[in-house]
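Colleague: I'd like to ask you about the structure that follows.
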Amino acid sequence: MKSEKGRAGVKEREVARISKANVMLWRNFTLLSAAIILVLALVSYFLLGGAFYSQTKKRVNDIGEEIYSVVSDGALGAAEKEQTVNDYIVSRGVSVFVFDEEGNAVLPHFLALPESWGEIVRSARENSGDWQEGKRAQFNLGEEASATYNFVACVDYGGRECRLLVRYPLSHLSGSVHRMQLYVLVIAAAAIIFTFFVSYLMANKLSQPLRDMSNTAKKLAGGDYSVEFTSTQYSEIADLSTALNYMKDEMKKSGDFQKELLANVSHDLKTPLTMIKAYASMVREISGDDPEKRNKHLQVIIDESDRLTGLVDDVLSASKINSGLSQLNKKVFNITEYLYGVINKFDYLTETQGYNIMVDVDPNLYTFADEEKIGQVFYNLISNAVNYTGEDKSVYISLKYSAEDNRIKFAVRDTGKGISEEELAHIWDRYYRSKDTHTRPIKGTGLGLNIVKAILQSHSFEFGVKSEEGYGSTFYVDLPAVDGVR
Ligand code: ADP
């Protein structure tokens, strides 16, 4: 009860975390872009004022220099100079004055003197110092709205020591700077709002495939194997989709296999059990007193019990080997002797049912492997050969040493109808059984070759089958040879 509850809690928390991840993506996108936009906006906000100011200074200085060269030009007449200065005043938005050492304005004649003329003259003198031809200076004057940037130069004007003053009102500048700064802030705010929505769309788009997958997985968990993981928006998700589809197919296969196994096993269990019951009843009711008949009937019971044991053993070892529970117990052993031991188990077939088992085995070969498991490989391969061999009931077994590569080659050949190309790909699969009806009731469960494969793969031994339809099959295993002297 408690663990069920606990699991539900974990699930809820996971869901909460997933939906948070979605929102988190959105929040982080928005925060990151808002931070970048704000930094850019603030930097341009503060840089704008400074940049405009230094540009204005440069412009006023340039104008000052130009006017200075006109005013100080001895070749120009007073009227010409005045005309040029007037042009500058009108076209460049600056005020221009030339005044003498007493502070009397000598040029231009049409411009009214500003109210604080006395202070202006004083500042111009202070900043440019004692008169000296060509000496220049710059200074700011006044506060806030009445602030001006001033260019002053000492100039010889018609033989008099005068000073040229070019003034530019900074209020013009701050007006446009403030306007620009406002634009920057408005654009930044608009960009942040825009990224807020775009981030929402992006976060949604990025997490959509995950939501799709989660929905598909829920359906799959409900047992619907027809679902398909189709998200391919970006490569990681496409990979995940492929992996999940693969997992789904494997789950389906495994589910089908389990069902098939259950059907096979129950069918295979039923026949011997029915036989055992029937023969036991016969012993009790008919043959109990006739030793010959009784023995025959009891033998059937014994055979059928062996068959049951074999079946159960197969199922157990397949599940053990495939789930990796069984460990390899490798050692050096005489594989020739061991193979003979396995072949002897088939004596009852040769003696009572006309089978021919032809053996071509090199003496005293030694290998390094798990003796019992390799014995099981031999047993499964030989019993398949016996089960599927042709009318002549012949099976050929060979175990040969190959000096070339110092390996031992095991092969078992039958004369049956072989295995089709199509079937070859599946015979090593768990629970695979040929759909054909077999000539002889076969004890198998479709696990034999899967056990062989699992054992040989865990040893890293090469193995395989060559088969030609109509002529039979040869199963082979390649084992390492070791020096037998221990
Ligand atoms: P089973 O218990 O059905 O024999 P196996 O795993 O041993 O299961 O074999 C799987 C299938 O491979 C068999 O059902 C049969 O169709 C095919 N097969 C195995 N050995 C041979 C063989 N020697 N000749 C023909 N077909 C074979």
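The values are calculated or read from the model by the stated rules, or taken from the named source; none is laboratory data. Source: prediction; values computed, not measured. Positions of Cβ are generated from backbone atoms using ideal geometry, with glycine treated the same way; all protein chains shown enter the neighbour counts. Heavy atoms of the whole protein, side chains included, go into the accessibility calculation; ligands, DNA and RNA do not. Shrake-Rupley method; radii C 1.70, N 1.55, O 1.52, S 1.80 Å.
Colleague: Of the residues Thr232, Thr195, Thr148, which is in contact with a helix residue (DSSP H, G or I) (Cβ under 7 Å, 6 or more places away or on another chain) and at pLDDT below 85?
Modeller: Going through Thr232, Thr195, Thr148 in turn, just one is in contact with a helix residue (DSSP H, G or I) (Cβ under 7 Å, 6 or more places away or on another chain) and at pLDDT below 85: Thr232.
Colleague: Scan the range 265-281 and report the pairs whose first residue is within 11 Å of Leu311 (Cβ to Cβ) and whose second residue is assigned to a helix (DSSP H, G or I) and open to solvent by 40 Å² or more (accessible area, probe 1.4 Å), with Cβ atoms within less than 6 Å and a gap of 6+ or a chain change.
Modeller: Once the first residue is within 11 Å of Leu311 (Cβ to Cβ) and sits in the range 265-281, its partners that are assigned to a helix (DSSP H, G or I) and open to solvent by 40 Å² or more (accessible area, probe 1.4 Å) give Pro272/Arg307.
Colleague: Turning to a different aspect of this structure: What are the residues in the range 446-462 that are closer than 29 Å to Ala263 by Cβ and either modelled with pLDDT under 90 or away from the ligand (no atom under 11 Å from the Cβ) (or both), if any?
Modeller: Gly446, Leu447, Gly448, Asn450, Ile451, Ala454, Ile455, Leu456, Gln457, Ser458
Colleague: Does Gly390 meet the test of being within 16 Å of the ligand (Cβ to nearest atom), open to solvent by less than 50 Å² (accessible area, probe 1.4 Å) and out of contact with any helix residue (DSSP H, G or I) (no Cβ under 9 Å at 6 or more places or on another chain)?
Modeller: In short, yes.
Colleague: When residues of the range 397-424 are filtered for being open to solvent by 70 Å² or more (accessible area, probe 1.4 Å), more than 9 Å from the ligand (Cβ to nearest atom) and within 16 Å of Glu468 (Cα to Cα), how many remain?
Modeller: 2
Colleague: Tell me, please, whether a residue that is β-branched (Val, Ile, Thr) and touching a Leu at 6+ places or on another chain (Cβ under 6 Å) can be found in the range 95-106.
Modeller: Yes: the range 95-106 contains one or more residues that are β-branched (Val, Ile, Thr) and touching a Leu at 6+ places or on another chain (Cβ under 6 Å).
Colleague: Going through the range 308-323 one residue at a time, which ones are open to solvent by 80 Å² or more (accessible area, probe 1.4 Å) and not hydrophobic (A, V, I, L, M, F, W, C)?
Modeller: Matches in the range 308-323: Asp313, Lys320.
Colleague: Quick check on the range 130-140. Is at least one of its residues among the charged types (D, E, K, R), assigned to a helix (DSSP H, G or I) and over 20 Å from Val70 (Cβ atoms)?
Modeller: Scanning the range 130-140 turns up no residue that is among the charged types (D, E, K, R), assigned to a helix (DSSP H, G or I) and over 20 Å from Val70 (Cβ atoms).
Colleague: Where residues in the range 182-197 are of a type outside the set (Phe, Trp, Tyr) and in contact (Cβ under 8 Å) with a residue 60 or more places away in the chain, which of them is farthest from Arg27 (Cα to Cα)?
Modeller: Once the filter is applied, the top-ranked residue is Val184.
Colleague: Is it true that Thr437 is open to solvent by 20 Å² or more (accessible area, probe 1.4 Å), within 12 Å of the ligand (Cβ to nearest atom), modelled with pLDDT under 90 and within 29 Å of Asp347 (Cβ to Cβ)?
Modeller: Yes: the conditions hold for Thr437.
Colleague: Being surrounded by 13 or more Cβ atoms within 10 Å (Cβ to Cβ), farther than 19 Å from Gly390 by Cβ and over 50 Å from the mean Cα position of the chain (by Cα) is the filter here; which residues of the range 347-374 pass it?
Modeller: Within the range 347-374, Val361, Asp362, Leu365 meet the criteria.
Colleague: Something else: Taking the criterion of being hydroxyl-bearing (Ser, Thr, Tyr), assigned by TED's automatic domain parsing to the domain that holds Phe463 and surrounded by 16 or more Cβ atoms within 10 Å (Cβ to Cβ), would at least one residue in the range 328-346 satisfy it?
Modeller: Yes.
Colleague: Restricting attention to the range 211-233, which residues are surrounded by 16 or more Cβ atoms within 10 Å (Cβ to Cβ) and either free of Cβ contacts under 8 Å to residues at least 24 places away in the same chain or farther than 17 Å from Gly255 by Cα (or both)?
Modeller: Hits for the range 211-233 are Asp212, Met213, Thr216, Val227, Phe229, Ser231.
Colleague: Please determine, by comparing only the residues of the range 468-485 that are crowded, with 21+ Cβ neighbours inside 10 Å and within 13 Å of the ligand (Cβ to nearest atom), which one is farthest from Val332 (Cα to Cα).
Modeller: It comes out as Gly472.
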